[in-house]
Amino acid sequence: MVDYIIVLFFWFLVLCYTRNCISLDSLAVNESIRDGESLVSADGTFEAGFFSPENSTSRYTGVWYRNLSPLTVVWVANRGTPLQKNSGIFKFNEEGVLMILDGTNRTIWSSNISNKTMNNLTLKLLNSGNLVLKNGNDDNKDDKFLWQSFDHPCDIHLPGMKLGWNLLTGVNRVLTSWKSEDDPALGEYSAKIDIRGCPQLLFMKGSDIKFRIGTWNGLGYTGYPTQQLKRQHRFKFVFNAEEVCFQYEVIDRSIVSVYRLSPLGFFEGLVWTSQTSGRKAIIPGGVDSCDNYAFCGVNSVCSMDGNAPKCNCLKGYVPKFPDQWDVSYWSSGCITRKNSTCKSNNKDGFLKHTNMKLPDTSSSWYSKIMNLDECEKKCLKNCLCTAYTNLDIRGRGSGCLIWYGDLVDMRKFSQLGQELYIRVLTSELVIAKATNNFSSRNKLGEGGFGPVYKGTLIDGQEVAIKRHSKMSDQGLEEFKNEVALIAKLQHRNLVKLLDEAGSKLLAWHQRFHIIGGIARGLLYLHQDSRLRIIHRDLKTSNILLDAHMNPKISDFGLARMFGGDQIEARTRKVVGTYGYMPPEYAVHGHYSVKSDVFGFGVIVLEIVSGNKNRGFSDPEHSLNLLGHTWRLWTEDRPLDLTDAHFRERCIPFEVLRCIHVGLLCVQQKPEDRPDMSSVIPMLNGERLLPQPKAPGFYTGMFTPESVSSLRTCNLFSPNEMSLTIFEAR
């Protein structure tokens, strides 16, 4: 009997030693592990038990890599309720509830109760690092698990772990950062799959989007096309009726690699290799300003020029607050130059953008079965549709992804981005189409002012198109000399802004935008510049347009600077261009800011009419453009001046106001003409307009005095004017 008792005691000691010193990979119902004991996965990679973060005495239950340095915890149970002593117990009961108990058997953490049938329950630590509760006879498949730690991720995304939604159960797997490096409590950063519209991966700070990795296009995320670890990883995005989730596996077995959302909000890759003694952190995203969500606001594109970000409005859009953009504050974004008049039979087109990060897809629509041509047609049928592309870019591309309304959070990559087709008015497409959207294949060369492209117009005529570079700070003198030479030689590739062919390209909203831009440029020269500058040769051929139809005043070869209180000067040599010179300068050599105002007025009337002042002849009255405009004004039919190419699609009160301002600027006497500081509020409808007097260099059947007496009524009533106050562009 004594011998029997000794044998039993011996085996009792053996079992205790086995449990305490040789860790197992699983627990049965009501079995437990205490602080100091652990579970170890079958291949020895992962360990589960109690731990303390570095520089902390608090105790937590979790899973970590067993043989890697430094300690890398991949899952924590009691993140917000730490134990303060080494007295914790980890177990589960017959109902499948996991529990952490303190030294007084008080439950400080528990899992949710499973609603599945339970039989021979087992808690097991898998070789993947997934701690699972399963029926004893079930396979190691996640759809068989009653509970798994992979459904409740913390800050680590492990190979094989799914990030995203199980649409059948409603489980949403979201990464959440630690509060600090020493505190696994819930931090302020998270990473999740947003399933509004087309699913996309977002990184959040609280409830705000920090940056957006974007949508999956079959090969990768559109916001992260240069994946540094792609050769070692195989990525997979599941997108069907049952789940929307992202996962990956490590192909190169010589490395250990995981992704971590750090307490500072960086999504970093942690890598261990046989050549390194510790881990190496690689930050694959969120490292430059363009990664910040909506850094450039709506309807604009961010690109990195060296280490500095740069924002540009989409074609057809202008900065909402230009003054803010002038100081590189871009978050206000861009607005369309004109409210859409889109109809179901509209003739809009699409401009192709390459190497793009696709816009925020939370307000998008998608189809997996449409092709790209069908996608374009569907977009054209809806006036709210602003862009489209392929849903999947593998092979020749497939599927359809469409955006409605403003486009948010786009950037231009130097390579590997995606193609995106953005809606523009047909008139905006003409020059871009002529050069195949300024394709590098069409590039002829580049100077200090900007690149030059070969273009083919609609009628087949080949032209050279110079595109102004916003980054250029040199080459202006060379460009001025080139323009002067071409103008003298009447080069066949010189396209006039307002000739018959060119006038068809400009809709009214573009012309009005150009008029306003020239006015603001003159105001700067006359008033806002440190030295007052008189251009003296303001004419349409000295107004350059960039890719977004923004006007640039050029050719300052005849300009003069005034200092102090100087307001006018005189020259013995009159130089300039007839048709734009005011009488006091052409006859007496007197010039002032009012000389430029006169030239501006001529340009305004040319833009409205589509005709040049010099060379225009009214067939009935032998009047130049100024005289013709004055005659129409006195006969109460000024809208007859309007270019026929946009007459049916213009805004009449804007056209009338421009004609009125143009006539005020070309009056005979300089003291009667307004300053540019008055012209801008006049154009914007913010100031009542006085009655104009006859223009300078007026020629016709009767004298200026007799004609002016015929005009007695005011075309605009005060009530009409009060309804036409516009926000400054």
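Residues of the range 155-193 with amide nitrogen under 18 Å from the 7 Å Cα-to-Cβ point of Ser52?
It comes to 180-185, nothing else.
For Cys383 and Arg637 in one chain, what is 0.36 nm times their gap in residues minus the Cα-Cα distance, to one decimal in nm?
88.0 nm
Whole-Hz ³J(HN,Hα) for each residue in the range 103-111, computed from phi via Karplus 6.51 cos²θ - 1.76 cosθ + 1.60 with θ = phi - 60°, x for glycine and proline: what do you get?
Per residue, the Karplus-derived 3J(HN,Hα) values read x, 9, 6, 8, 6, 9, 7, 8, 8 Hz.
Quick one: which residues, 5 or more positions from Met370 or on another chain, have an amide H under 5 Å from its amide H? H modelled 1.01 Å from N in the peptide plane, none for Pro or chain starts.
Result for Met370 returns Gly399, Cys400.
Towards the positive end of the charge dipole of the range 586-649, with charges on Cβ (+1 Lys, Arg; -1 Asp, Glu), say which of Val602, Val587, Trp633 has the farthest Cα.
Selected residue: Val587.
Skipping prolines and chain starts, which residues have an amide H placed within reach, meaning under 5 Å, of the one on Asp25, given they are 5 or more residues away or on another chain?
Val40
Given a Förster distance of 45 angstrom, what is the FRET efficiency for Tyr293 paired with Glu671, based on the Cβ-Cβ distance and rounded to 0.05?
Numbers: r = 54 Å, r/R0 = 1.20.
Computed FRET efficiency for Tyr293 and Glu671 comes out at 0.25.
Apply 1/(1 + (r/R0)^6) to the Cβ-Cβ distance of Lys179 and Lys352, taking R0 = 56 Å, and write down the FRET efficiency to the nearest 0.05.
E(calc), rounded to 0.05, equals 0.75.
Testing the spin-label approximation: label points 7 Å from Cα along Cα→Cβ at Asn67 and Thr81. State their distance in nm.
In this crude label model, Asn67 to Thr81 measures out at 3.6 nm.
Sorted from largest to smallest, which semi-axis lengths in Å does the alpha carbon gyration tensor of the range 291-424 give for its equivalent ellipsoid, taking the root of 5 times each eigenvalue?
25, 19, 11
On a full-extension model of 0.36 nm per residue, what is the gain between Asn119 and Asn93, subtracting their alpha-carbon distance, rounded to one decimal in nm?
8.2 nm
Each residue of the range 361-370 in turn: what ³J(HN,Hα) in whole Hz from Karplus with 6.51, -1.76, 1.60 and θ = phi - 60°, glycine and Pro shown as x?
After applying 6.51 cos²θ - 1.76 cosθ + 1.60, I find 9, 5, 10, 9, 10, 9, 9, 8, 10, 6 Hz.
Given axes a ≥ b ≥ c from the Cα gyration tensor, I'd like to know whether the range 22-151 is rounded (a/c under 1.5), prolate (a/b larger than b/c) or oblate.
Oblate is the answer for the range 22-151, as a/c is 1.5 or above yet b/c matches or exceeds a/b.
Once amide H atoms are placed 1.01 Å from N in the peptide plane, what residues at a sequence separation of 5 or more from Met410, or on another chain, have their amide H within under 5 Å of its amide H?
Amide H neighbours of Met410, under 5 Å, 5+ apart: Ser300, Cys302.
What FRET efficiency comes out for the pair Gln324/Tyr524, r = Cβ-Cβ distance, R0 = 25 Å, nearest 0.05? Can you show the working numbers first?
Details: r = 17 Å, r/R0 = 0.66.
So the FRET efficiency works out to roughly 0.90.
Across the range 608-614, in residue order, what do the Karplus-derived ³J(HN,Hα) couplings come to in whole Hz, using 6.51 cos²θ - 1.76 cosθ + 1.60 with θ = phi - 60° and x for Gly and Pro?
Karplus values, whole Hz, x for Gly and Pro: 5, 8, x, 10, 8, 5, 7.
The numbers here are math on the coordinates, done by the rules we state, and not lab data. No experiment lies behind these values; they were computed from the predicted model shown. Glycine also receives a Cβ, built like all others from the backbone with ideal geometry; neighbour counts cover every protein chain displayed.
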